[in-house]
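None of the figures in this text is laboratory data; all of them are computed from the coordinates on show. These numbers come from a predicted model, not from an experiment. Methodologically, a virtual Cβ is constructed for each residue, glycine included, from the backbone with ideal geometry; neighbour enumeration extends over all protein chains shown.
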Amino acid sequence: MFSLTAVAVDLHTSPQDVPSIPAWFAEVAVLAQHCAHQGIFEALHHVRVARGRMGHYEVSDFVALLLGYAASGEPTLEAFWERVAPFAGPYMALFGRDRLPHRSTLSRFLAAVDAAGLAALRHLFEQDLTQRGPTAEECGGLYDRQGTRLVIFDVDGTRQAARQRALVTSSDFPPPRRRLVPVCAPGYTGRQRGEVVRTRTTILQAHTQQWLGTYGHPGNGDYSGELLDACRTIAAYLRAKGLPLSQGLLRLDGLYGTASVLAHIQRYGLGFVGRGRDYQLLAHPRVQERLRHPCDQTVPHPETGVQREVFEVGYRDDWLEPLPDLELTCRVIVTRRVAPADPEESTVGKRIGALVYELFLVSHPATSLSAVDVLALYNGRGAFEQVLSDEDQEQDPDRWCSHTAWGQEFWQIVCQWVWNMRLELGQVGRENVLRWTDWAEPEAVSVPAPLPPTAPEEPVEDETVALYGPLELAREWAKARGRLAGTDFELLDAGTVRCPAGHLLRPRERRTLPTGDLRILYAAKAADCRACALAPQCRGTGASGEQPRRVSAVRRFLGHHQRPKQAPWQTPPMGETHAEQEGRNLLWCDISGRSLRRRFVAWLRGQRVTISGPLATRARTTTHPQPRRWTRAQRAHRRLRWTERLARNAVATDAPSYTVTLCGIAPALAAYLGLPSACAS
């Protein structure tokens, strides 16, 4: 039998409460010093959120809490508060603040965040992203068959699900009030009963694993609008790194595989590789003619062994019809494989008979990325799913911190900021962090010759193009039906209309009128109209309320004109020949983002942290304090200036001082943070 007395250990107990320092305190101290040294917290003074009861705290106080919550890994805000409460004084002193706000105060602040405050925080996040972090040489890239560097960006959405209980709706009970109504909505079918979701679109730099942004909307989200925001952010990132926009390549799934969406990407000067979802293109005579010929190559899947026949269809710019004033010229690739034996089994692609077809749309020529390279690059999107999984394990930004849309997105921006700072600080002091991978061996890139025409020959020299005037919204006829007219809506561009309530309407249908005019029908989302306060005035008296508001716009037909014909079918741009060309190695250059982050966090959490100074438990004074002398402004509760508000919770000159010693900090990291380095006793 084991006996404790037989072991040379003398155990003692103490009734005094001495809480242990949290394992994540060292990392929060490093992040706080980094933010102070780089001027991030000073810039946060420009993020202003006006609240009904302004209280004692400002934006920097709440950002300090959210930053620590994201870095701590605590499952809930309540658990985070229990761990940080004994060390509230030194924790807030790390950020130059005095007192620790209560978590209910944080909840009220997030509920008060508005669009202007969120936009100011997003601007600071993007500014910090472009000014610091990896240099242009350290950003990695994919070097194509011509040796041109391409920087890959992944744009995709992830969902936050929330369960709702079934509630009685009879008149005997008060009407139910759902807290998540402003932030969630029913999403795609197939979810569990009672679930509502919020979709968050994220932007990832694939080579450094940096987050470039997050944009959220209730339900299935606004994927086309969020993609435009992503293009703007990516373009600013490339310009800040000194890289041309033509080197940016977006890797997208089938959600974005329509002509109108891809045309917007091309308008920004960016490239794309994605799966198409306009499978009616398979019925095009030129595509059918190409599919009747032998395939260019047969590619087996490395895991399942499924054989795919790859058809390099070529270029076309007239059968993909984007919005007016937007042109799209892209390369089309079709793959074909044998369908599963079970007809009920779900497959990715279009099932026609015993075959399954997949459609891929690419902006780069075959001499840059062959058809097989495109398939391999698209299948590499699985790495993006792994990064999302790592984000859930390390930080879990989809935790509900607020029941308002802007407050929840405020928290998620701070969470991505912590992720990027971990990458940046983990890279300090490490050499040769770039990794080079032979993505594919050199191969002979063959651009197929043009197919024989299946219809009367098209003009070679020029082509006839219809000209239309500017968009004109519908005017007075809606007034007669007792609702808002088209003149009450704001035309932002050819693809977006804003209603008086601030919601966006997007094109849903296009018709050519007998007069030759082009009519475009814009429609809002049903969820936006369902919860809108202006819905009765907008829909009119005779509307049922089930369908969202629609607005028509007309482009007047001006006539035809002749222009030089664009690149004909299957003819690549830039004067490429149809002969086989020997390509270079396809090289992938990146950094090990996961290793940098996790080594940085694990090393800090394994080191000793000491705090000297008065902690949260302070002795109570026995003497009565002197009565406070008020000013007239204080007694009248007059509004304070922003600078006066910021100074209320700032650390006073006579405040108690703390000394925090972090062990295991490398000299290079200490110098980067502007901290002295000394040997620990």
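Cut-off is 10 Å between beta-carbons; in what order do Trp603, Trp630, Trp411 appear when sorted fewest neighbours first? Before the final figure, lay out the partial values.
Values: Trp603 15, Trp630 9, Trp411 21.
Exposure proxy ranking, most exposed first: Trp630, Trp603, Trp411.
As an exercise, use a Förster radius of 22 Å and the Cβ-Cβ distance of Arg435 and Trp603 to find the FRET efficiency, rounded to the nearest 0.05.
Numbers: r = 21 Å, r/R0 = 0.94.
Calculated value: 0.60.
Once you place label points 7 Å from the Cα toward the Cβ at Glu385 and Leu467, how far apart are they in nm?
About 5.1 nm, to one decimal.
What nm value, rounded to one decimal, do you get for the distance between Glu344 and Arg648 when each label is placed 7 Å out toward the C-beta?
Each label point is offset 7 Å from its Cα along the Cβ direction, giving 6.4 nm.
Give the shape of region 357-404 as rounded, prolate or oblate, defined through the alpha-carbon gyration tensor: a ≥ b ≥ c are the square roots of its eigenvalues, a/c under 1.5 means rounded, and otherwise the shape is prolate if a/b is larger than b/c and oblate if not.
In terms of gyration-tensor shape, prolate.
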